[in-house]
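Since the structure comes first, as structure tokens, the remarks are kept for the end.
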Amino acid sequence: MGVQMYNTLTKQKETFRPIEEGKVNMYVCGPTVYNYIHIGNARPAVVFDMIRRYLIYRGYDVQYVTNFTDVDDKIINAAQEAGEDVFALAEKFIDKFFEDTSALGVKRADIHPRVTETMDDIIAFIEALIEKGYAYESGGDVYFKTKSFPDYGKLSGQSTDDLQAGARIEVGEQKQDPLDFSLWKRAKEDEVSWDSPWGYGRPGWHIECSAMVKKYLGDTIDIHAGGQDLAFPHHENEVAQSEALTGQQMANYWLHNGYIQIDNEKMSKSLGNFVLVNELIREHDPQVIRFFILQAHYRHPLNFNSELVEASGAGLSRIRNFLENVRHRHRTSADFADGTEWLKKIQTFKGRFIHEMDDDFNSANAITVLFDFVKEGNLYLQEPHTSKEVLQEVMNTFEEWGEVLGLSFFAEEELLSEDIEDYIEQRVKAREHKNFQEADRIRDLLKEKGIVLEDTPQGTRWKRVSSL
RNA sequence: GGCGGCAUAGCCAAGUGGUAAGGCAGGGGUCUGCAAAACCCUUACGCCCCGGUUCAAAUCCGGGUGCCGCCUCCA
């Protein structure tokens, strides 16, 4: 059956068929870099990173491109307010983007093109559209002639007639039709601008993605993704521009993630409920935030607040505890038992994981498979004899799943300092002599140092508790 | 007005025709010197409401209600 994904274009789940066997070209709309990213920006970054990782896991050679909109009204305004240089401000928030997303386990794209570095291609793209009669210059602006593209609306399910009703022409715009949208905007006084056949100006809102997709991935790509709100007008306009120019379908599969809501409302400046990732990761383990995001299906709306994240963290701890305990058992016990049955069972779990992920990247259900595994695995750990091979395979499996989900389930291998080793040794002796008062004293003392001790039939194990 | 999404236990969240996954929180128990971790039992006679189709519906159809979003920059 293979990987199934919900395609916004056809409004149904489809079996994924790449253009070229074994390869995937994937483009995800990136942020406008005028501020720190918020949790709403984090969701597409995380879920499409997960999808990318999964496709790689499934054997595809994935070429993944995410852009930065590094020149735009919002950036210009933000720079003005801060009294900073436009380019310096963009540069700064690109750095911050990488900082925040990598904390969330998001890998870098293969290519991160920027508008300012794609200017020639954008201008050439617009010129070609004018030549073909799909666009026109008007007072230094260039507009796309929406009605000249018959399929307009096919992605978002809007009809030009319906759109016509609500459309308006902004003051100062010189469109022939209210539905036309801008490809090139004439520069205002003292604004950053680039030279073009239509005078100084900068690209409109949607053209960058069309130009970048074409430049880096080709006329038709496999997957184009972004937030639900981008479907219209952004992606619709991209389709119009690209397909008008090339005559080819722009992308075979369109994926859109659902919104994150704060207390069931959209994040917005007016409501003042923006949650910046930057601030969030000071209060929560970023891995927990990622885990929280992946515990919901990527297309569904997801409500967000601190309590929910913490509840999620307890779940992640369960998995981590299990693996720490597996590791301890692996270190401390000999290889007695026959592992054949369990090795088979692990394969079954792996199959279930793939089955769930194949179904439109259902990471929520995939994580359920992990919990089911943990449940059975904990029972295994209680058996008097375990197989070292099985324990190793359990760790390998979670390592593999962790790589797909972008989660690290294992604490860093760590050696304790000698004095703490000594304490643990002393406590073992104290317990042997039934001096429980002393044993408890040492346990409390280490707990204050962030080391929690747990006594098992295989000896005392320790773990470090997170400071977060 | 047009387009779309959502509604499942105290909370989060799967499930899209076969008799309600999983996590968190709560309660009870087992194990333990005591803990911790873990395990066992327990928490929706019912999936927003009303009709209908079916041997069978949370799942399909019709009608309602509520919430959220897009249509303007927005992930």
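The values are calculated or read from the model by the stated rules, or taken from the named source; none is laboratory data. As the structure is a prediction and not an experimental result, all values here were calculated from the model. Note that we place each Cβ from the backbone using ideal geometry, even for glycine, and neighbour counts take in every protein chain shown.
Structure above, values below:
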{"quantity": "Filter pass, A:K147 being more than 32 Å from the chain's Cα centre (by Cα) and part of a helix (DSSP H, G or I)", "calculated": "yes"}
{"quantity": "Residues being buried (at least 21 other Cβ atoms within 10 Å of the Cβ) and either of a type in the set (G, A, S) or in contact with a Phe, Trp or Tyr (Cβ under 6 Å, 6 or more places away or on another chain) (or both) - total across region A:185-201", "calculated": "2"}
{"quantity": "Every residue from region A:222-251 that is acidic (D, E) and either closer than 13 Å to A:D151 by Cα or within 16 Å of RNA strand B (Cβ to nearest atom) (or both)", "calculated": "A:D229, A:E236, A:E238, A:E243"}
{"quantity": "Residue in region A:252-259 that is in contact with a His (Cβ under 6 Å, 6 or more places away or on another chain) and either surrounded by fewer than 15 Cβ atoms within 10 Å (Cβ to Cβ) or not small (G, A, S) (or both) present", "calculated": "yes"}
{"quantity": "Strands (runs of 3 or more DSSP E) completely within region A:174-275 that count 3 or more residues being under 20 Å from A:M5 (Cα atoms)", "calculated": "A:221-227, A:251-257"}
{"quantity": "Subset tally (residues that are under 27 Å from A:Y380 (Cα atoms) and within 39 Å of the chain's Cα centre (by Cα)) for region A:409-454", "calculated": "11"}
{"quantity": "Qualifying positions in region A:259-318 - at positive phi and among the polar types (S, T, N, Q)", "calculated": "A:N264"}
{"quantity": "Residues that are within 23 Å of A:S196 (Cα to Cα) and either modelled with pLDDT of 90 or more or in contact with a Leu (Cβ under 6 Å, 6 or more places away or on another chain) (or both), drawn from region A:140-176", "calculated": "A:G140, A:D141, A:V142, A:Y143, A:F144, A:K145, A:T146"}
{"quantity": "Subset tally (residues that are within 14 Å of RNA strand B (Cβ to nearest atom) and under 30 Å from A:D335 (Cβ atoms)) for region A:412-462", "calculated": "18"}
{"quantity": "Single residue of A:E393, A:E356, A:E389 found to be touching a residue at least 12 places away in the same chain (Cβ under 8 Å), among the charged types (D, E, K, R), closer than 20 Å to A:N257 by Cα and surrounded by 15 or more Cβ atoms within 10 Å (Cβ to Cβ)", "calculated": "A:E356"}
{"quantity": "Residues of region A:276-304 that turn out to be within 9 Å of RNA strand B (Cβ to nearest atom) and either without any contact (Cβ under 8 Å) to a residue 60 or more places away in the chain or in a loop (DSSP other than H, G, I, E, B) (or both), as a count", "calculated": "9"}
{"quantity": "Positions within region A:327-364 being near RNA strand B (Cβ under 10 Å from one of its atoms), among the charged types (D, E, K, R) and not in a loop (DSSP other than H, G, I, E, B), in sequence order", "calculated": "A:E356, A:D359"}
{"quantity": "Scope region A:24-70; condition among the hydroxyl-bearing types (S, T, Y), within 15 Å of RNA strand B (Cβ to nearest atom) and in contact with a strand residue (DSSP E or B) (Cβ under 7 Å, 6 or more places away or on another chain); matching residues", "calculated": "A:Y27, A:T32, A:Y36, A:T66, A:T69"}
{"quantity": "Out of A:E14, A:E21, sole residue that is away from RNA strand B (no atom under 12 Å from the Cβ), surrounded by fewer than 21 Cβ atoms within 10 Å (Cβ to Cβ), modelled with pLDDT under 95 and not basic (K, R)", "calculated": "A:E14"}
{"quantity": "Residue within region A:60-68 that is surrounded by fewer than 18 Cβ atoms within 10 Å (Cβ to Cβ) and modelled with pLDDT of 95 or more present", "calculated": "yes"}
{"quantity": "Hits in region A:365-411 - residues which are in a loop (DSSP other than H, G, I, E, B), farther than 19 Å from A:G313 by Cβ and within 14 Å of RNA strand B (Cβ to nearest atom)", "calculated": "A:Q382, A:E383, A:P384, A:T386"}
